[in-house]
Amino acid sequence: MKYLLVKSLLLGMFLTTQVFSDITSNANTNDGSKTEPSSEFKAKKGIPPQCSAGCISEYGEVLGVSPAGVPAYSNCDSDCVIFEPNHLNDIYTGIKWQCVEYARRWLLKELGVVFGDVDIAADIWAIQRVSNPINHQTQTFESIVNGAHALPQRGDLLIYGKSYLGTGHVAVVVSINEKQQTIRLAEQNYENTKWQKNYAREIKYVNSDNRYWLLDSYLIGWKRVQSTKH
């Protein structure tokens with residue numbers, strides 16, 4: 001009787017182990033490392049394959065935080081678009097986690113203004129005014145072409161032309177180092193890599209004939225919120 005009971009227990013343990021092995025076999029490779037969840041699993045979570053396969057960093061992961069305390073999130077790569085809106089204090093900032101969303105969220109948090117809707121980042125260049133979403137006052141949104149007589153300022157938006165990926169790009173100036181002639185940027189959906197410090201990347205500039213040229217491909221210039229309100 002005891003022999004039959006022990007045999008039954010051993011058989012039950014074997015079956016349980018076999019079932020567990022079958023369940024986990026799809027999540028582990030032969031070398032013991034784990035594979036990514038299946039595309040079907042991620043699709044159920046609302047993440048399409050282009051936003052889950054081969055990501056430089058996982059979609060939605062925090063890449064870094066600007067000196068002003070504005071976090072940037074990974075968009076996986078530039079081909080990823082999930083039409084899910086993001087909000088800051090119930091105010092629409094854009095589609096997660098596009099470059100336009102970060103620029104609008106940064107301006108909202110730091111300057112209390114937003115720019116209007118755009119189809120692509122390059123279209124920001126044509127916008128002439130920004131507005132306060134609470135009191136609806138507007139301010140001039142100046143366009144300054146690369147090669148200007150003065151450097152960008154903190155809070156200026158660098159605008160890249162449509163030739164870049166067919167959409168352009170936008171990044172926020174967070175600091176300028178005149179000694180090293182570099183400008184530090186905060187942004188989303190550019191390289192989608194972890195920031196090493198409190199900025200995404202640095203670009204160089206030169207001064208030629210009293211004009212400042214930022215050395216970054218596809219750059220049109222920068223947008224600046226003027227203090228005069230209407």
Tell me whether the range 187-208 contains one or more residues that are under 26 Å from residue 139 (Cα atoms) and modelled with pLDDT of 95 or more. yes
Here is a list of conditions, (1) within 19 Å of the chain's Cα centre (by Cα); (2) over 20 Å from residue 79 (Cα atoms); (3) surrounded by 12 or more Cβ atoms within 10 Å (Cβ to Cβ), and residue 196 meets all of them except one; can you say which number that is? (3)
Please go through the range 87-105 and give me each residue that is within 21 Å of residue 194 (Cα to Cα) and in contact with a helix residue (DSSP H, G or I) (Cβ under 7 Å, 6 or more places away or on another chain), ordered by number. 95, 99, 100
Residue 222, sole failed condition from (1) touching a residue at least 24 places away in the same chain (Cβ under 8 Å); (2) more than 30 Å from residue 55 (Cβ to Cβ): (2)
From the options 170, 174, 206, residue that is among the aliphatic types (A, V, I, L, M), part of a strand (DSSP E or B) and more than 23 Å from residue 127 (Cβ to Cβ): 206
Which numbered condition residue 113 misses (of (1) over 19 Å from residue 205 (Cβ atoms); (2) under 18 Å from the mean Cα position of the chain (by Cα); (3) of a type in the set (A, V, I, L, M)): (2)
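Just to check your reading of the model, which residue among 190, 205, 199 is over 19 Å from residue 70 (Cα atoms) and not basic (Lys, Arg)? If you could, list the steps in order and put the result at the bottom.
On the way: 190 fails: over 19 Å from residue 70 (Cα atoms); 199 fails: over 19 Å from residue 70 (Cα atoms).
After ruling out the rest, the residue left standing is 205.
Counting only residues that are out of contact with any helix residue (DSSP H, G or I) (no Cβ under 7 Å at 6 or more places or on another chain) and among the aliphatic types (A, V, I, L, M), which one in the range 172-185 is surrounded by the most Cβ atoms within 10 Å (Cβ to Cβ)? Write out each step before concluding.
First pass over the range 172-185, keeping only residues out of contact with any helix residue (DSSP H, G or I) (no Cβ under 7 Å at 6 or more places or on another chain): 173-185.
From the residues that got through so far, the ones that are among the aliphatic types (A, V, I, L, M) too are 173-174, 176, 183, 185.
Working: 173: 22, 174: 22, 176: 17, 183: 28, 185: 21.
Of everything passing the filter in the range 172-185, 183 is surrounded by the most Cβ atoms within 10 Å (Cβ to Cβ).
Can you tell me which residue among 145, 170, 206 is closer than 19 Å to residue 99 by Cα and of a type outside the set (Phe, Trp, Tyr)? Spell out how you get there, then give the answer.
Values: 145 fails: closer than 19 Å to residue 99 by Cα; 206 fails: closer than 19 Å to residue 99 by Cα.
It is 170.
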Among (1) farther than 22 Å from residue 202 by Cα; (2) of a type in the set (A, V, I, L, M, F, W, C); (3) under 15 Å from the mean Cα position of the chain (by Cα) - the single one residue 106 does not satisfy: (1)
Contact list, first residue from the range 176-202 and of a type in the set (Val, Ile, Thr), second anywhere and modelled with pLDDT under 95, beta-carbon distance below 6 Å, six or more apart or interchain, is 193/56
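Go through the range 72-122 residue by residue and tally those that are assigned to a strand (DSSP E or B) and surrounded by fewer than 19 Cβ atoms within 10 Å (Cβ to Cβ). Lay out the reasoning, then the answer.
Within the range 72-122, the subset assigned to a strand (DSSP E or B) is 72-73, 85-88, 91-95, 114.
The next check asks that each one be surrounded by fewer than 19 Cβ atoms within 10 Å (Cβ to Cβ); those that pass are 85-88, 91-92, 95.
The qualifying residues number 7.
Tally the residues that are of a type in the set (Val, Ile, Thr) and part of a loop (DSSP other than H, G, I, E, B), restricting the search to the range 124-167.
Here is the first cut: in the range 124-167, the residues of a type in the set (Val, Ile, Thr) are 124, 127, 130, 134, 138, 140, 144-145, 159, 167.
Now restrict to residues that are part of a loop (DSSP other than H, G, I, E, B): 127, 134, 167.
Count: 3.
Starting from residues that are closer than 20 Å to residue 190 by Cα and in contact (Cβ under 8 Å) with a residue 60 or more places away in the chain, keep the ones in the range 153-166 and report whichever is surrounded by the fewest Cβ atoms within 10 Å (Cβ to Cβ).
Residues of the range 153-166 that are closer than 20 Å to residue 190 by Cα, as a first pass: 154-166.
Remaining after also requiring in contact (Cβ under 8 Å) with a residue 60 or more places away in the chain: 155-160, 165.
Numbers: 155: 17, 156: 21, 157: 28, 158: 23, 159: 26, 160: 24, 165: 15.
Filtering first and then ranking leaves 165.
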So residue 139, is it crowded, with 17+ Cβ neighbours inside 10 Å and more than 22 Å from residue 201 (Cα to Cα): yes
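The values are calculated or read from the model by the stated rules, or taken from the named source; none is laboratory data. Since the structure is predicted, the reported quantities are computational estimates derived from the model, not experimental observations. Quick reminder, even Gly has a Cβ in these numbers, built from the backbone with ideal geometry, and neighbours come from all protein chains shown.
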